[in-house]
1. So which residues in segment 16-26 are part of a strand (DSSP E or B) and surrounded by 12 or more Cβ atoms within 10 Å (Cβ to Cβ), if there are any at all?
2. Going by the conditions given, is LEU36 in a helix (DSSP H, G or I) and of a type outside the set (Asp, Glu)?
3. Do we have any residue at all in segment 54-71 that's surrounded by fewer than 15 Cβ atoms within 10 Å (Cβ to Cβ), at pLDDT 95 or above, part of a loop (DSSP other than H, G, I, E, B) and of a type outside the set (Ser, Thr, Tyr)?
4. For segment 32-44, name all the residues that are within 13 Å of the chain's Cα centre (by Cα) and either open to solvent by 30 Å² or more (accessible area, probe 1.4 Å) or touching a residue at least 60 places away in the same chain (Cβ under 8 Å) (or both).
5. Of all residues in segment 1-15, how many are of a type in the set (Ser, Thr, Tyr) and not in a loop (DSSP other than H, G, I, E, B)?
6. When both residues are 6+ apart or on different chains and their Cβ atoms are under 8 Å apart, which pairs have a first residue that lies in segment 55-68 and is in contact (Cβ under 8 Å) with a residue 12 or more places away in the chain, and a second that is part of a loop (DSSP other than H, G, I, E, B) and open to solvent by 80 Å² or more (accessible area, probe 1.4 Å)?
7. Scan VAL4, VAL29, VAL13, VAL48 and give me the residue that is touching a helix residue (DSSP H, G or I) at 6+ places or on another chain (Cβ under 7 Å), open to solvent by 50 Å² or more (accessible area, probe 1.4 Å) and closer than 22 Å to ILE65 by Cα.
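The values are calculated or read from the model by the stated rules, or taken from the named source; none is laboratory data. Bear in mind the structure is a predicted one, so any value in this text is a computation, not a measurement. Counting neighbours? That spans all protein chains shown, and the Cβs are built from the backbone with ideal geometry, glycine included. Calculation scope for accessible area: heavy atoms of the full protein, side chains included, ligands and nucleic acids excluded. Shrake-Rupley method; radii C 1.70, N 1.55, O 1.52, S 1.80 Å.
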Amino acid sequence: MKLVFCGTPQFAVPTLQALLAANHEVALVVSQPDRLVGRDRSLTAPPVKLAALAADLAVAQPETIRTTQNFVRNSRPSP
């Protein structure tokens, strides 16, 4: 099954990994943008993004989910 996975926190990583282990085609992973974290305000990637990049998957990090909805809608092949 070809799908788009949406997730950001650590608890979403096992779900992404299970989908990949079940040989589903994850065409795109959508996660929240990298954020400044901690006292030193270092830019930190979300856990799902790190897992997706480790699996060599495409990642989108829109400010709003609507941006991704439009991207997915426009990238679907014509019937």
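1. VAL26
2. Values: in a helix (DSSP H, G or I): no; of a type outside the set (Asp, Glu): yes.
Answer is no for this residue.
3. Scanning segment 54-71 turns up at least one residue that is surrounded by fewer than 15 Cβ atoms within 10 Å (Cβ to Cβ), at pLDDT 95 or above, part of a loop (DSSP other than H, G, I, E, B) and of a type outside the set (Ser, Thr, Tyr).
4. Result: GLN32, ASP34.
5. Here the count works out to 1.
6. GLN61/GLN32
7. VAL4
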